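The values are calculated or read from the model by the stated rules, or taken from the named source; none is laboratory data. Since the model is a prediction, treat every value here as computed from it, not as a measurement. Because the Cβ atoms are built from the backbone with ideal geometry, glycine has one as well, and the counts that use them run over all protein chains shown. To get the accessible areas, we keep the full protein, side chains included, count just its heavy atoms, and leave off ligands, DNA and RNA. Shrake-Rupley method; radii C 1.70, N 1.55, O 1.52, S 1.80 Å.
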Amino acid sequence: MIKIYIVSLKKDNARRTNLSNQLKKLNIPFEIIDAVEGNLLDALIIDNYNKKAIYRYKRLVGPNEIGCSLSHQKVYLDIIKNKIEWAIILEDDVNVKVDFLTLIKNKIYQFDKDNLYILGGQNGLLSKKMQQTSFFNKIELNKTFFLEKAIKSEKYIFRTCCYMINNNVAKKLVEKFNNEFFIADDWLTLKKDKIIKHIFISDMIDHPTDLSDSSIELERQGRQKKKIKLISFFKTIYCYLRNFYKLGM
């Protein structure tokens, strides 16, 4: 059994409707899970998660990243509660290129219950060119689409917009989250901690390259800009001091 979940904020009705219509055209059944809006979380909740996150990430985690993590935990709990064998989780801003459900169903016997299967969504990432996959270890879904095993490049794989997991992995994700906080798309950590065995990647589903409508991406970009400004500031101070001491000599 494979169940499709759409993770969507209630306020994003247009995006929710768009993806729903895409799946309906392909006769793919789905269930919508209302996402957790990070900006509406109580400050105390955010602080509590950041107390856990600071040791791992050496920074404060944004409210939208926390909301995303809690949203996907809601899905995992539903998978466990309803004893769903396999689940495909989609976020509401993706674009579906093919009837992925039929392709996966036809080859489901080749899927390992301990693996993570990312169905796409890597387009637009600067890290995409760093992702390395195996030419030999892959699942051929048809002549066009494959799921290829990632080779020592898990740290370059991001996003939770479209992936498939087994009930077995869902249980491990919930257990880990109950003990320690992790960002939903921290696939590298989850692989290192043996929550998932291997990661396979495909490109059956696209993620928008225009990220102006993504609260998480904007949050991350803002953090990156602050980091760049800070580095630039220290470089300026360094150059000033270097020139000062040269003139003094």
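What is the log10 of I(q)/I(0) for the range 5-44, computed with the Debye formula using one identical point scatterer on each Cα and no solvent, at q = 0.23 Å⁻¹? Evaluating at q = 0.23 Å⁻¹ gives log10 I(q)/I(0) of -0.74. Each Lys or Arg adds one and each Asp or Glu subtracts one; over the other residues with Cβ under 11 Å from the Cβ of Phe145, this totals 0. Label sites at Leu126 and Asn142, each approximated as a point 7 angstrom past Cα along Cα to Cβ, lie 3.6 nm apart. With 0.36 nm allotted per residue and the present C-alpha distance subtracted, the Asp112-Leu44 stretch has 20.6 nm of extension available.
Across the cross-link table entries Lys11/Lys52; Lys51/Lys138; Lys51/Lys107; Lys51/Lys97; Lys11/Lys81, which are compared at the Cα atoms, the separations over 31 Å belong to Lys51/Lys138; Lys51/Lys107; Lys51/Lys97. Heavy atoms of the protein chains alone define the surface here; on that basis the range 1-44 has 59 Å² accessible area per residue at 1.4 Å probe size. Taking the Cα centre of the range 57-101 as reference, the dipole from Cβ charges on Lys and Arg (+1) and Asp and Glu (-1) amounts to some 300 debye. Which residues in the range 74-114 place their backbone N less than 18 Å from a point set 7 Å from the Cα of Lys25 along the Cα-to-Cβ direction? Inside the label zone: 91-103. Taking every alpha-carbon pair under 8 Å whose residues sit at least 6 apart, the range 25-90 reaches a relative contact order of 37 percent. In a DSSP loop and with at most 14 other Cβ atoms within 10 Å, the trypsin sites (Lys or Arg not before Pro) in the range 1-85 are Lys10, Lys11, Lys58, Arg59, Lys83. Taking a ≥ b ≥ c as the square roots of the eigenvalues of the Cα gyration tensor, the range 76-215 is rounded, since a/c falls below 1.5. Of the residues Ser71, Phe146, Phe135, the one whose Cα sits farthest toward the positive end of the charge dipole of the range 15-150, with +1 on the Cβ of Lys and Arg and -1 on the Cβ of Asp and Glu, is Phe135.
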